[in-house]
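Let me begin by presenting the structure, written as structure tokens, before commenting on it.
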Amino acid sequence: MGTAVAARLTRWSPPEQVGLAMLLDQRSERCVPGRALLLSLAALAVPVVGALRFPEALGEQGALLWLLALVPAFLQAYHRGWRGVATALAVGMATLSSTQAIVLWRGLAVPDLLLGVVVAYLAIALGIGWIAELLHRQRAEVEDLALTDLLTHLPNRRHARVFLDNEFAAAARGRLLSVVLFDLDRFKQFNDRYGHPAGDEALQAFAEVLAHTTRRSNLSARFGGEEFVSILAGSDGEGAVVFAERVRSGLQARHLGDDPLTVSAGVACHQPAMSSPDELLAAADEALYEAKDAGRNCVRLYAGTPPEAVAGHLPDSLITDSFGPADSYPRADTEIGKTPPPPELLPDPGPPFGTGHRALLVEDEASVRELIATYLRREGFAVTSAASVAEGVRALKEEFDVVVTDIHLPGSSGRDLVAAVKSRWPVTQVLVMTGLQDAQVAAQALDAGADRYLFKPFGLPELRTHLLDALSRRERLLQERARKQDLSG
């Protein structure tokens, strides 16, 4: 793999995780130290000077000096990583030296072939090493192609997944990690209007913006089509949002097309409750969906981001709310099978934000249902509770502002309830709750029409954030519907 390819890889990959192709390239391009070069010259000078200046004094022993001609080849092979060649040369020197010494000690008369043997051995060993390096480079180039997107020259989805798996493991041990998903807005229309060559140029232009903005300790890749991903190791939510805004404004400054091409971004931070990189990507995808829904050309942080995920950049006054400190919140799912805390022990909710709104809560676990219902009532919601899909569907005779439902319910799937809600009341916001192991089920619920989801266990502040966003989105949808009715009337 050539130096240019290696430089491209290091541009988007951290030095400690650039992959096998980069390691092979660094080894093959490693320079021989100056001391080794001086030693090589000295080793070559000894037999030459001995043969020219002291041929009679050395006699038959002078032939042994030519073994030193193998020293430069040995050092070159060693420093270039040709371990097999270096070992063969070292063994060859020892074997030839021992053989010649035994011959002289026993006084045997043998043809003086040592110099020819050394030259032949040297040529064979270095020839094998050169061929081996060519094979390694070809293999590295193939591996590089397998990890690089040919159009944008960014790392591809496979490369990004390997990097994300490694960083997710580090995040599980306490390191900060954020993921940003980018999606070019209305890219299909851009392609249809300007042609696919212009579309390819737009993808390359965005890749340049992304690569220029991404630090070497992070990785940005083409995730597929017009979607890109940035994996930001050591970055919290606020830092990731700043990064995404720089990328968004950088693309906008390119002025691609008459109606300039823009990009939307969704940001998600690693949370201790996440058990796999898929959950982190799903959270970023949900935030991206919210950015698209908010009008595109904007950045949104995953609604389930806990306050501590942005604590590195925000003052303490902005990472607490009317509930008090974040670590004081009871966790909803941890109360399953236990007696829920009495309402008087729950934190003071402050001014309620749900006054005048109606909520339908569908949860078969009585303890969890009681805890969430108590919280919703303290926030001012008029709450209707149900323990099954059938009860929830019967309650849909009336419209609710928000529906909070578990995805696993007796007798039927929560997805059936989601579909029923959306078919009857399209602007009602649906929040589904599910376990960490059911990320795929949560995705299916979103396909069925759910607006957002929560992974158990979750804190009440996380639920509060989702509810606030849900009410805000419902209000926007109602206003849009009213405007359309006014125009049609």
Could you pull out every residue, at least 5 positions away or on a different chain, whose amide H is within less than 5 Å of the one on Leu177? Hs are placed 1.01 Å off N in the peptide plane, and Pro or chain starts have none.
Gly234, Ser235, His270
Label Lys292 and Ser276 with points 7 Å out from Cα along Cα→Cβ: what is the distance between them in nm?
2.2
What FRET efficiency would be calculated for the residue pair Trp105, Ser472, taking the C-beta separation as r and a Förster radius of 60 Å, to the nearest 0.05?
0.05
Those lysines that a straight Cα-Cα span of less than 24 Å connects to Lys422, excepting residues fewer than 8 apart in one chain
Lys292, Lys397, Lys456, Lys484
HN-Hα J couplings of the range 152-165 from phi, Karplus 6.51/-1.76/1.60, θ = phi - 60°, integer Hz, Gly and Pro as x?
9, 6, 7, x, 9, 4, 4, 4, 4, 5, 4, 5, 5, 4
Sequence order, the range 479-484: Karplus ³J(HN,Hα) from phi using 6.51 cos²θ - 1.76 cosθ + 1.60, θ = phi - 60°, Hz rounded, Gly and Pro as x, gives 5, 5, 5, 5, 5, 5
How do the peptides 472-483, 208-219 rank, highest first, by the average count of neighbouring beta carbon atoms within 10 Å per residue?
208-219, 472-483
Quickly work out the Arg483-to-Glu399 label distance, labels modelled 7 Å from Cα along the C-beta direction, and quote it in nm with one decimal.
1.8
Is there a quick way to get the dipole size of the range 146-252? I mean about its Cα centre, with the Cβ of Lys and Arg at +1 and of Asp and Glu at -1; what is the value in debye to the nearest 20?
280
Amide hydrogen neighbours beyond the local backbone of Leu219, cut-off 5 Å, H modeled
Ile231, Ala233
Run the numbers on the range 207-290 and let me know its relative contact order in percent, using alpha-carbon pairs under 8 Å that are six or more apart.
21
Long-range HN-HN contacts of Lys456 with modeled amide H, under 5 Å
Thr434, Gly435, Leu436
Surface share of carbon and sulfur [accessible, 1.4 angstrom probe, percent] for the range 146-279
49
For the range 359-481: accessible area per residue (Å², 1.4 Å):
36
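The values are calculated or read from the model by the stated rules, or taken from the named source; none is laboratory data. Owing to the predicted nature of the structure, the values given are computational and were not obtained by experimental measurement. Because the Cβ atoms are built from the backbone with ideal geometry, glycine has one as well, and the counts that use them run over all protein chains shown. The protein model used for the area step is the full one, side chains on, heavy atoms only, and it has no ligands, DNA or RNA in it. Shrake-Rupley method; radii C 1.70, N 1.55, O 1.52, S 1.80 Å.
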